[in-house]
Amino acid sequence: MLLKIQDVVSGWIAGVIVGLIIIVFAFFGIHYYMEPGGSQNVARVGDRPITIAEYQRAYQNYRQQVQQALGQSANSLNNEMLRQEALNQLIETQVLKQLTRDAGMRVSDADVVAGIRAIDAFHDDDGGFSQRRYQQALSRIGMSASGFEQQMREEVLLQQLRNSIIDTAFVTDADVTRLAKIEAQTRDIRYVTIAAQPLYDSIEVSDDDIQTYYDENIDDYREPARVRIAYIDLTLESLMDDVEVSEDDLRAYFESNAESYSVDEARKLTQMYIKLDKDAEEEAVETARESMEFIQEKLDAGMTMEEVAEDYEDQLGNDFEQISLGFTPRGVMAPELDELVFDMDKGEISDIIRSDVGMHIVRVDDAKGGERSDFGSVRDEVEEDYRREQAEQLFFEQADRLATLAYENPRSLEPAADALNADIQTSDWFSEGGGEGIAAEPEVAMASFSNDVLERGLNSEALELGNSRMLVLRVAEHEPAQPLPLDSVRDEIVDDIKYERARQQAIEKGEAILQALQAGESPEAVATEHDIDWQQAQAATRDDPNVSRSVLRTAFGIPAPEDDAARYDGSSLGSGDYIVVGVSDVQVPSVDTLTAEQRDELREQLRQATARNSWQNLVEDAKSRTEISVNRDNVDI
């Protein structure tokens, strides 16, 4: 097992280190507890099922991400769309994992170790990898090192697959020229906006109109369903406070885990480096060696590495680099360097070293670690770790009992509360969008309104909430959704009716104008007939600041005019307005004056778009060749 870390738990808890790790991992949760006969899977991808627990975890994560990105409240989100997108992401990830497996792709242990060591969450205050912080972070989420490393391996594989597609995308000079012409294109346009607001103000709405609209759209004017829940909340922190501690216990724990309280050995380095492939030809090897011997002569003569780099960088060529490394632990550098530098003293300079990636001369600028901390200096840390370890064992036992008892007694929390000596708490009222207190947890709101809990009256599955917290709930009271009184939504209904009627009138007028223009009437005659004023923009660009984005989108979507005849199109906007847009001329300026920098920017822009398309094509092709089945009954639970 990598990093010599003992597994601390197995099986039911997995997830992410929230706020610490920047890599997105697949989610695995406690098995879903249902009455006999129910399917526990949402989908099957090839030979791999996607469980309800995985799906619910992914959905809640995706929902939170969307809320944070858009700044929207939970009530305003389209839950059906979010559920489908979360499921799509799970299916896509599993398809790609199977693709890497079938392609025989592998990740070395060294790459996994390097990836883990690069995660800031596992670094000490000096920026070096800390074995103790690594162990503690995994322990807090109840995850074994082997499980974490396997997820890391899968993520690195997926990233390698993605890079293999994206990094090989290329574009030709002709492609760049075409894009440059499209980007530089300008258009002579005329346009008019049929505003809905003036029409809105003139619309009258009767009481019969309001009643009819209310009756026909009653689902839009409902008070959402509400529930109050009863729940048992099990947390690791509460159990830590109950752990009995003695000095003998703490000292024994310290002695058995002394390595965790040692400062990791690390070296701060500066190196002179010439890049050289492992299989480089002898001539290249000899040239590199001559350069390194030249550097060594200057160092022996009393020059510093910094002085050599400054005075002779041009002479040493493009493959030469002087690199300063922060405190670097064992196992990160090439084995040849690793073995040498940890036997060197501070200030010592190595001989020439040949590795698989080049030739090096290394100076040790500083050294730290390797020494063991004394018990007194780390006693508080030892006590916290001891309490946590003891509480974790109890937490896992009680969590398993809580989940089992809630499943075996699906219509009551009393047996579980009695067995665990736990309190049954009650929430305030909240809707499916959540509420305050425990109802602010997305998993709680989702479980409370699931079919099994709300309609069938069962206990929920055991919910994992963050780091080492588990909760089981059931609905204590339920108020179904009910229509809001007409008087309370009368003004809103009047606004809705006026908006729809004004929008429809704007569409009808706009389409009449458009039809006349497309039939060959002149813009001037149409303006007189319909009492409109045309606006014009000569040589408008795609991002012209003087023209609205909606007009520009429509204008640049119209085919170029032929035979000097303008072309027209129209569009209804979300505001209720309608725009009619005409293009009378298209100018394509020469792109010969583009600078090399501008062409490079366009090339990279086009390369990225090509890479995205290539990646998406790969994903869709892989999905089409994989047997995928979805249990729709479990998607909305």
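Centroid-to-centroid, using Cα positions, the stretch 136-192 and the stretch 204-281 are 26 Å apart.
Taken per residue, the accessible surface of the stretch 284-425 reaches 55 Å², heavy atoms only and a 1.4 Å probe. Structural descriptor for the stretch 565-616: relative contact order 24 percent, calculated from alpha carbon pairs under 8 angstrom and at least 6 residues apart. Plainly put, the stretch 393-463 has a radius of gyration that is 0.98 times its Kirkwood radius, both from alpha-carbon atoms, as the Rg/Rh ratio. Multiplying the residue separation of Arg222 and Asp366 by 0.36 nm and subtracting their alpha-carbon distance yields 44.9 nm. Using the average count of surrounding beta-carbon atoms within 10 Å as a protection proxy, the listed peptides 155-166, 46-57 rank, highest first, as 46-57, 155-166. Under 22 Å of direct C-alpha separation, and excluding same-chain neighbours fewer than eight residues apart, Lys346 reaches these lysines: Lys268, Lys298, Lys368.
Once the Cα-Cα distance is subtracted from the 0.36 nm per residue extended length, the Thr168 to Phe294 segment shows a gain of 41.6 nm. Packing-based ranking of 228-234, 403-409, 334-340 yields 228-234, 403-409, 334-340, ordered from highest to lowest mean Cβ neighbour count within 10 Å.
For the chain, what is the relative contact order in percent, using Cα pairs closer than 8 Å and at least 6 residues apart in sequence?
Dividing the mean separation by the residue count of the chain yields 25 percent.
Across the stretch 544-598, the fraction of Cα-Cα pairs farther apart than 15 Å, rounded to a whole number, is 59%. Largest first and in whole Å, the equivalent-ellipsoid semi-axes of the stretch 398-526 read 56, 18, 12, each the square root of five times a Cα gyration tensor eigenvalue.
Averaged per residue, what accessible surface does the stretch 484-573 expose to a 1.4 Å probe, in Å²?
61 Å²
Kirkwood hydrodynamic radius computed over the chain comes to 31.5 Å, based on all pairs of distinct alpha carbons.
Calculate for the chain the 222 nm mean residue ellipticity that helices alone would give, adding -39,500 (n - 2.57) per DSSP H run of length 4 or more and normalising by residue count, nearest 500 deg cm²/dmol.
That comes out to -14500 deg cm²/dmol.
When the solvent-accessible area of the chain is split by element, carbon and sulfur atoms take up 43 percent of it, the probe being 1.4 Å.
The trypsin sites (Lys or Arg not before Pro) of the stretch 91-154 meeting both criteria, a DSSP state outside H, G, I, E and B (loop) and at most 15 other C-beta atoms within 10 angstrom of the site's C-beta, are Arg106.
The values are calculated or read from the model by the stated rules, or taken from the named source; none is laboratory data. Predicted model, so just to flag it, every value in this text is computed and none were measured. Please note: Cβ atoms are built from the backbone with ideal geometry, for glycine as well, and neighbour counts cover all protein chains shown. The protein model used for the area step is the full one, side chains on, heavy atoms only, and it has no ligands, DNA or RNA in it. Shrake-Rupley method; radii C 1.70, N 1.55, O 1.52, S 1.80 Å.
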